[in-house]
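K.L.:
My structure is below; once you've seen it, I'll send some questions.
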Amino acid sequence: MAKDYCVLGIESSCDETGVALVRVSGAALPDLLAHALYSQIEMHQAYGGVVPELASRDHIRRVLPLTQEVLAASGQSLADVDVVAFTRGPGLAGALLVGAGVACALGAALNKPVLGVHHLEGHLLSPFLSADPPEFPFVALLVSGGHSQLMQVTGVGQYHILGETIDDAAGEAFDKSAKLLGLGYPGGPALSKLAELGNPAAFKLPRPLLHSGDLDFSFAGLKTAVMVQAKKCAAAHGGAVEALPQAVLADLAASTQAAIVEVLVKKSLTALQQTGMARLVVAGGVGANRSLRAQLNAECAKRQVRVHYPELHLCTDNGAMIAMAAAMRLQSGQQTAHKLYTFDVKPRWPLDAILS
Ligand code: KG4
Ligand code: ZN
């Protein structure tokens with residue numbers, strides 16, 4: 001591989017099509033030259049959630065125009081692309097196949113090698129794209145729509161899972177609770193926005209596994225508690241949950257958010273204590289949550305722990321994190337790109353399956 005090279009990254013695992021170009025110069029942190037994103041949220045909103053077949057078809061429509069946009073924005077051409085990376089999994093099978101197929105076709109047409117990367121590794125390494133990038137080693141709190149994990153990270157590809165959810169992910173807890181409160185899809189951002197208007201102590205909701213002594217999470221019971229509480233409030237007001245006064249809904253949202261955030265903060269602090277590490281990296285969509293950031297910042301400041309986050313717009317799915325993960329894997333020698341152009345996707349793919 002030439003000393004300086006460009007990696008094009010394509011993300012298509014769920015409801016966002018993302019494309020990005022990073023430049024790798026020696027051992028320095030790769031540079032993001034440009035990225036472009038198309039969110040399908042509006043299309044899926046009518047159905048209250050992601051419709052996989054519609055997602056796949058829309059990725060097909062978006063991926064090449066986004067690639068052109070990225071090349072134009074970075075002042076590069078297809079000939080400048082040295083490696084084509086794509087999300088190999090986990091995610092929706094049909095959606096993943098679009099990114100993998102396009103990446104391999106592009107690679108074959110350009111006679112350039114291709115590389116499939118793990119979506120969660122993309123999230124995990126996304127804070128390296130921020131203005132305040134972390135340094136190894138660190139504890140990582142990876143909280144997305146489908147996953148909640150605490151990890152001890154000592155380098156690229158060196159991930160030791162300390163704890164994870166035994167049922168719903170943190171993002172799922174936000175999304176499902178939001179749905180119960182009639183806040184639609186995607187629920188996390190809507191619930192957290194409404195929570196800012198409410199009282200987090202208004203309702204006493206369970207903090208699952210808060211005192212379990214281990215680093216695992218469980219959020220499935222929380223949504224049931226939210227539902228019971230919401231129905232109680234609705235009965236008291238003589239109507240449906242959706243018809244509750246805004247102030248009550250805001251209190252429910254704030255109390256739900258407080259329960260999720262308290263567990264995430266407490267377990268992260270325990271992980272730091274158990275590993276003796278002084279650096280925390282937060283990644284994944286829930287990492288955009290303002291209350292989570294504020295509480296982690298406050299608690300970590302008390303303990304002289306540095307906290308790093310992805311840029312807000314790179315918390316949820318994007319192509320930049322996929323290009324970055326590919327570039328960092330290539331740099332670290334964890335993986336080589338290939339010119340086979342045969343591909344598979346891995347809709348279910350635990351992160352520890354890629355560990356060296
Ligand atoms: O990482 P991500 O884009 O997708 C997966 O790989 O799963 O995360 C999406 C998740 C959704 O559950 C969404 O509701 C949640 O992140 N999310 C938030 C916020 N923004 C996105 N949850 C809480 N507060 C937010 N501000
Ligand atoms: Zn994601």
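K.L.:
How high is the relative contact order of region 1-119, in percent, with contacts defined as C-alpha pairs under 8 Å that are six or more residues apart?
P.N.:
For region 1-119, the relative contact order is 30 percent.
K.L.:
At what distance in nm do the modelled label points of LEU29 and LEU340 sit from each other, each positioned 7 Å from its Cα along Cα→Cβ?
P.N.:
3.3 nm
K.L.:
Also: Gap in Å between the Cα centre of region 173-187 and the Cα centre of region 111-129?
P.N.:
29 Å
K.L.:
Would you mind estimating how fast region 13-55 diffuses translationally, via Stokes-Einstein at 25 °C and 0.890 mPa s with the Kirkwood radius over Cα pairs, in µm²/s?
P.N.:
So the translational diffusion coefficient is about 197 µm²/s.
K.L.:
Can you work out the FRET efficiency for the pair ALA247 and ARG290, with r the C-beta to C-beta distance and R0 = 30 Å, to the nearest 0.05?
P.N.:
Plugging the Cβ-Cβ distance into 1/(1 + (r/R0)^6) gives 0.90.
K.L.:
Here's a follow-up. Quote the FRET efficiency, to the nearest 0.05, computed for GLN68 versus GLU135 with a Förster distance R0 of 25 Å and r equal to the Cβ-Cβ distance.
P.N.:
Working: r = 35 Å, r/R0 = 1.42.
FRET efficiency, GLN68 to GLU135: 0.10.
K.L.:
Oh, and also: Over 23 Å apart: what share of the alpha carbon pairs of region 178-317 falls there, rounded to a whole percent?
P.N.:
Value for region 178-317 (Cα pairs over 23 Å): 38 percent.
K.L.:
Using θ = phi - 60° and the Karplus form 6.51 cos²θ - 1.76 cosθ + 1.60, what ³J(HN,Hα) does each residue of region 268-285 get, whole Hz, x for Gly and Pro?
P.N.:
5, 5, 5, 4, 5, 5, 5, 8, x, 8, 10, 9, 10, 10, 10, 8, x, x
K.L.:
Between region 28-90 and region 245-288, what is the C-alpha centre distance in whole Å?
P.N.:
29 Å
K.L.:
Another question, then. According to the square roots a ≥ b ≥ c of the eigenvalues of the Cα gyration tensor, what is the shape class of region 81-131, taking rounded for a/c under 1.5, prolate for a/b larger than b/c otherwise, and oblate for the remainder? Walk me through the numbers on the way to the answer.
P.N.:
Numbers: a/c = 3.09, a/b = 1.31, b/c = 2.36.
Here region 81-131 falls in the oblate category.
K.L.:
Let me ask something additional. Using the Karplus curve 6.51 cos²θ - 1.76 cosθ + 1.60 with θ = phi - 60°, what ³J(HN,Hα) values do you get for each residue of region 292-300, in whole Hz, with x for Gly and Pro?
P.N.:
Result, rounded to whole Hz: 4, 4, 4, 6, 5, 4, 5, 5, 6.
K.L.:
Using only alpha carbons, build the gyration tensor for region 1-108 and give me the equivalent ellipsoid semi-axes, biggest first, whole Å.
P.N.:
27, 13, 12
K.L.:
How much area per residue is accessible in region 125-263 when the probe is 1.4 Å and only protein heavy atoms are counted (Å²)?
P.N.:
Per-residue value: 40 Å².
K.L.:
Helix-only mean residue ellipticity at 222 nm, the chain, DSSP H runs n ≥ 4 weighted -39,500 (n - 2.57), per residue, nearest 500. What is it?
P.N.:
-13500 deg cm²/dmol
K.L.:
While we're looking at this one, here's another question. Could you pull out the pairs from LYS3/LYS112; LYS231/LYS266; LYS223/LYS302; LYS179/LYS204 whose alpha carbons sit more than 22 Å apart here?
P.N.:
Working: LYS3/LYS112 15 Å; LYS231/LYS266 29 Å; LYS223/LYS302 32 Å; LYS179/LYS204 20 Å.
Violating the 22 Å Cα-Cα cut-off are LYS231/LYS266; LYS223/LYS302.
K.L.:
For q values of 0.10 Å⁻¹, compute log₁₀ I(q)/I(0) with the Debye formula on a Cα-only model of the chain, without solvent.
P.N.:
Log-scaled intensity ratios, in q order: -0.61.
K.L.:
Once neighbouring chains are kept in place and the probe is 1.4 Å, which whole percent of the accessible area of the chain is contributed by carbon and sulfur?
P.N.:
55 percent
K.L.:
So, one more: Please list, in chain and number order, the residues 5+ apart from ASP168 or on another chain whose amide H is under 5 Å from its amide H, with Hs placed from the backbone.
P.N.:
Counting only residues 5 or more places away or on other chains, the set is PHE219, ALA220.
The values are calculated or read from the model by the stated rules, or taken from the named source; none is laboratory data. Given the structure is predicted, the values throughout are model-derived calculations rather than measurements. A quick note on method: Cβ atoms are made from the backbone with ideal geometry, for glycine too, and the neighbour counts reach across all protein chains shown. The area values use the complete protein model at the heavy-atom level, side chains included, leaving out ligands, DNA and RNA. Shrake-Rupley method; radii C 1.70, N 1.55, O 1.52, S 1.80 Å.
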